[in-house]
Amino acid sequence: MSDHQEIQQKLIDWQEEQSSYLDQIKGLIQDLGVTEHLKIICYFTSSFQLAHQEDRENYGIGSFHVQNVGNKALTNPHIGLKITANIDFQFSGKYLYQNSKQARMLSNAWERINEPSDKNEIWLRPTQQQTIEPGETLTFSNFQIKWIPTGKYSGTIQGFTYGNELPDGVNALNQINLNGSVADRQQEGDLHEKK
């Protein structure tokens, strides 16, 4: 083998070795990009009708959304809604109780999984959706809140999302805060007399 052929062969071997290293590096970079991570965000949307008069019913409609913005699924999702208030907020929504025969027949149904007598915490899970895949949003929609103010009132609704991969849960990005004051009839009369 001549020097020229030997140099050419070394050059070919070196190019093949370099190509092999580049392929390995590309594979490692791709593996880094495919690393699965879970990123869940949850938030409320709501609308309220408020009457600032004594003994007039106030109400609101809201939805709680859980969105998977990561690239790993959340399995066995469930949500918690916590109500703190100085008056009796009446919460209602489209959910069933455990062991209800209707739960399996309704699409997009939610099941309440804590004690129904608990007015301050509502724990729900979807009956037909076991995972929230990447890019999907799960919504507990159109729950209602009603209350009749008799003076000053305040309340907060907080939301949380849990699942197999989120045993400690994640807080909602926002919460619903309700604060108001209603003058009693004596105060209203005094105000009218001063005019």
Query raised in the report: If you average 1/r over every pair of different alpha-carbon atoms in the range 32-81 and take one over that average, what Kirkwood value in Å do you get?
Result: 14.2 Å
Report summary line: Taking every C-alpha to C-alpha distance in the range 44-175 and binning by 10 Å from 0, the per-bin percentages run 12, 40, 32, 13, 3, 0
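Using a 10 Å cut-off on Cβ atoms, rank the peptides 89-96, 111-118 from the highest mean neighbour count down. Can you show the working numbers first?
Working: 89-96: 16.2, 111-118: 12.2.
By packing density, highest mean first, the sequence is 89-96, 111-118.
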Query raised in the report: If Lys and Arg each add +1 and Asp and Glu each add -1, what is the summed charge of the other residues whose beta carbon sits under 12 Å from the beta carbon of residue 95?
Result: +2
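Values in this text are rule-based calculations from the coordinates and carry no lab data. Note that the structure is a prediction, hence the values are computed from the model and not measured. When we count neighbours, we look across all protein chains shown, and the Cβ atoms used for this are built from the backbone with ideal geometry, even at glycine.
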